[in-house]
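Asks: Sending over a structure as structure tokens; questions will come in a sec.
Derivation of every value follows stated rules applied to the coordinates shown; laboratory data play no part. Predicted model, so just to flag it, every value in this text is computed and none were measured. Counting neighbours? That spans all protein chains shown, and the Cβs are built from the backbone with ideal geometry, glycine included.
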Amino acid sequence: MNELHEADKKIEEFHKTFWDQEHKHSRIMDDYKKIKAELNQTKTDMSKLSDMFSIHMRSHR
């Protein structure tokens, strides 16, 4: 009976560790998605600035 209790305890510990790792992975993926969205927005902003600068420079010719 003691072995069964030990096995159950190990399964509980494994489950907790697995859940903690899954939770960390989820947070990392959320952070990754936010950073990727920010990067894409920055690329869009830089493209707009580049276009505006080109228009500005053409007006000085």
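Asks: Is region 51-60 home to any residue that is outside any helix (DSSP H, G or I) and either loosely packed, with under 10 Cβ neighbours inside 10 Å or out of contact with any Cys (no Cβ under 7 Å at 6 or more places or on another chain) (or both)? Step through it out loud before you land on a result.
Replies: Within region 51-60, the subset outside any helix (DSSP H, G or I) is 59-60.
Next, from what is left, pick out any that are either loosely packed, with under 10 Cβ neighbours inside 10 Å or out of contact with any Cys (no Cβ under 7 Å at 6 or more places or on another chain) (or both): 59-60.
Yes.
Asks: Scan region 29-61 residue by residue and report those that are within 30 Å of the chain's Cα centre (by Cα) and among the aliphatic types (A, V, I, L, M).
Replies: Met29, Ile35, Ala37, Leu39, Met46, Leu49
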